[in-house]
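The values are calculated or read from the model by the stated rules, or taken from the named source; none is laboratory data. Model, not experiment: these values are computed from the prediction. Here Cβ is always computed from backbone atoms with ideal geometry, including for glycine, and neighbour counts include all displayed protein chains.
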Amino acid sequence: MPLLGTSDLKAGMVLADHLTTPGGRKILSKGSVLSDKNISMMKVWGIAYADVEGSGEDSSSDIGGNQGEDIKGECESMVRSYFPPSLDLEPHGEMFNLCCERCSRLVVSGDRGAIDEITGHNSPESMPSRFDLKEDRPVLRQIVGEDVALSSLPDVYFKIMDVIKSPVSSAASIAKVVSTDPNLSLRLLRLVNSAFYGFPVPIRSISRAIAIVGIRELSSLALAASTMSAFSHIPSEYVDMRSFWRHSIACGVISRVLASHKKIHRDETFFLAGLLHDIGRALLYIKLPSWMGHALGVSRFFRLPLLEVEKRLLGFDHGQATFKLLSQWNIPEPILGLASWHHEPEKHDKPEEAALIWLADWMANGMKVGSSGTYFLPPAQEEIWQLVGLEPETLRSVFIQSERQMSEILRIFLMS
Ligand SMILES: [Fe+2]
Ligand SMILES: [Fe+2]
C-alpha cells in the first residue's frame, strides 16, 4: 500500500501496518489510532512515512502538488543523511539527485522493503565498547587456509568448466552436470524463463535452457550459484547474508552496465567481478565475528569507512581477503584482479577497468540496494573518478538501466 508522509498524517487516522523506527524498533501496532502526539513523536524518531488505512486511493491517484513536494523533501533528507556532505563535487550531485528520484519512486509504489534499506543506516546510539585486544591480531593467510568448507569452491563450477573445455563435450554432457545441482538448475530455468528472453512458452528442459543462454552465461551462473551456496550458512549476528548478496548482485549488474557503456565486450566478467568484489568481507564476518562486529560499530558511530577501520584494526582489508580467497578457489584473471582491486584500482594493470568495479560498488552503496556493511556513503575519490572517465550525466543512463535490470536478476539469484 502507498504510504503517507508525516506532514500528511492527521490525528484519528488508523495505522494499516506496524510503525517502526528507521532502526526497526516497533513503536505503534497496526490498528492504532494516531494522535497529534504520535505524529510529533514520529518526526523526533526520524520516521518519514506511515501506512494508514484508506490512504491507498488518495496517494496513488495524486502524487503531484503538496504531496509530491513532501515526498521529494522527505527523500532528500533521507538520502542526505547518509551521503557525503559535498554535493558540488563530481559525481556526488548527480548521484544524489538520482538516489532522491529513486526514493520518491519507491515511496509512491509503496516498496516498504526498499525504503527500509534506505532508512536503515542510523548510527548506533552508544559508543562501541572498548575492544579486548588480548587476542593476537589475525593472520590473513591462516584465515583463508584453515576452513576446509570454504577453502574450495563447491565443485559444480569446475565440473562444468571441465566439461565445457573437453573436446568431446556435448550439450547433453553439460546438461548432465548441471542437473546434478538443483540450485543451479532452478536458477538456470528461472533465467531462461525471465523477461530477458521473453519466450511465450515456458522452457523446462535443462539442455534447451543451456542452448538458449549460451556457455558463457551458464558458467557465470554456475560460479555465482556455487559461491552463494558456499556462503549460505553464515550466522546473521553482524551481517544479513541476503542483504550482503543484494549489494553484491547490485554491484555485479552496475559493473556490467558500466562495461557496456565503455564498450568493453566482456560483460559477464564484469558481472562476476562485481558479484564477488566483497566476498573477502563475508569470509571475515565468518572467521572474525568479534573483530568485524567491533569494526562495524566503530565505522557506524564515527562515520568512518569500514574499509579504513578494517585496515587499522586487522592490519589488512577485505580487498586482500577477496584476493586470497579467490586465488585459493582458482578463480581466473581478469575476474580475480578486477574483484580484488575494487578499492585500489590504480594498482591493477588495467586501472580504468578496475575503477568501473569501484564505481559500481559506490553506486550500489548510494542506491542502498542491500549492504555489505557500509552505512554512510564515503566521498568518491577524485583520482578514481578520473580513471573511470565518465561524464556525470552518463551516470543517469547507467543508473536507470541498472535499476531496471536489478529486480529481475535479484529475483533469479535470490529466488525470491
Ligand atoms: Fe569493498
Ligand atoms: Fe561493496
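Residues that are closer than 17 Å to A354 by Cβ and either in contact with a Pro (Cβ under 7 Å, 6 or more places away or on another chain) or not basic (K, R) (or both) within the range 245-259 comprise S248, C251, G252, I254, S255, V257, L258, A259, listed in sequence order. Does the range 352-366 contain at least one residue that is more than 10 Å from ligand 1 (Cβ to nearest atom), farther than 20 Å from H261 by Cα and either in contact with an Asp or Glu (Cβ under 7 Å, 6 or more places away or on another chain) or not assigned by TED's automatic domain parsing to the domain that holds A114 (or both)? Within the range 352-366 (the criterion being more than 10 Å from ligand 1 (Cβ to nearest atom), farther than 20 Å from H261 by Cα and either in contact with an Asp or Glu (Cβ under 7 Å, 6 or more places away or on another chain) or not assigned by TED's automatic domain parsing to the domain that holds A114 (or both)), the answer is no, since none of the residues qualifies. The residues on offer are A230, A224, A209, and the sole one that is more than 16 Å from ligand 1 (Cβ to nearest atom), more than 25 Å from P305 (Cβ to Cβ) and touching a Gly at 6+ places or on another chain (Cβ under 9 Å) is A224.
Among the conditions (1) crowded, with 16+ Cβ neighbours inside 10 Å; (2) within 16 Å of the chain's Cα centre (by Cα), the only one that R411 does not satisfy is (1).
Among the criteria (1) at pLDDT below 80; (2) under 24 Å from M367 (Cβ atoms), the one E237 does not fulfil is (2). Checking each residue in the range 369-385 for being of a type in the set (S, T, N, Q) and within 18 Å of the chain's Cα centre (by Cα) picks out S371, S372, T374. Among the residues of the range 168-217, those that are under 20 Å from F158 (Cα atoms), among the β-branched types (V, I, T) and not in a loop (DSSP other than H, G, I, E, B) comprise I174, V177, V178, I206, I210, V213, I215.
Suppose we filter I63, I71 for residues that are aliphatic (A, V, I, L, M), modelled with pLDDT of 80 or more and either outside the structural domain of L387 (by TED's automatic domain parsing) or part of a loop (DSSP other than H, G, I, E, B) (or both); which single one remains? On inspection, the qualifying residue turns out to be I71.
Residue under question is A250, and the condition is that it be within 16 Å of ligand 2 (Cβ to nearest atom) and in the same structural domain as T322 (by TED's automatic domain parsing); does it hold?
yes
Could you check, for the range 190-213, whether at least one of its residues is surrounded by 15 or more Cβ atoms within 10 Å (Cβ to Cβ) and either under 22 Å from the mean Cα position of the chain (by Cα) or within 16 Å of ligand 2 (Cβ to nearest atom) (or both)? Taking every residue of the range 190-213 in turn, at least one turns out to be surrounded by 15 or more Cβ atoms within 10 Å (Cβ to Cβ) and either under 22 Å from the mean Cα position of the chain (by Cα) or within 16 Å of ligand 2 (Cβ to nearest atom) (or both). Where in the range 218-327 are there helices (runs of 4 or more DSSP H), lying wholly inside it, with at least 1 residues that are polar (S, T, N, Q)? In the range 218-327, the matching helices (runs of 4 or more DSSP H) lie at 241-261, 267-276, 289-302. If you go through the range 308-321 and keep only what is touching a residue at least 60 places away in the same chain (Cβ under 8 Å) and within 16 Å of ligand 2 (Cβ to nearest atom), you end up with Q320, A321. Among the residues of the range 348-357, is there at least one that is crowded, with 24+ Cβ neighbours inside 10 Å, in contact with a helix residue (DSSP H, G or I) (Cβ under 8 Å, 6 or more places away or on another chain), β-branched (V, I, T) and closer than 21 Å to A282 by Cβ? For the range 348-357, residues crowded, with 24+ Cβ neighbours inside 10 Å, in contact with a helix residue (DSSP H, G or I) (Cβ under 8 Å, 6 or more places away or on another chain), β-branched (V, I, T) and closer than 21 Å to A282 by Cβ: present.
Based on what the data block shows, is S407 without any contact (Cβ under 8 Å) to a residue 12 or more places away in the chain, among the small types (G, A, S) and away from ligand 2 (no atom under 16 Å from the Cβ)? In short, yes. Of the candidates W358, W362, W341, W385, the single residue that is of a type in the set (A, V, I, L, M, F, W, C), out of contact with any Leu (no Cβ under 9 Å at 6 or more places or on another chain) and modelled with pLDDT of 90 or more is W341. Of all residues in the range 336-357, those being in a loop (DSSP other than H, G, I, E, B) and more than 14 Å from ligand 2 (Cβ to nearest atom) number 3.
Within 19 Å of P84 (Cβ to Cβ), outside any loop (DSSP other than H, G, I, E, B) and small (G, A, S), is that true of A360? Here the answer is yes, as A360 does meet what is asked.
Okay, residues lined up against (1) more than 12 Å from ligand 1 (Cβ to nearest atom); (2) modelled with pLDDT under 90; (3) surrounded by fewer than 24 Cβ atoms within 10 Å (Cβ to Cβ); (4) basic (K, R):
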| residue | (1), (2), (3), (4) |
| --- | --- |
| A259 | yes, no, no, no |
| K262 | yes, no, yes, yes |
| H277 | no, no, no, no |
| P289 | yes, yes, yes, no |
| A295 | yes, yes, no, no |
| P305 | no, no, yes, no |
| R312 | yes, no, yes, yes |
| G319 | no, no, yes, no |
| T322 | no, no, no, no |
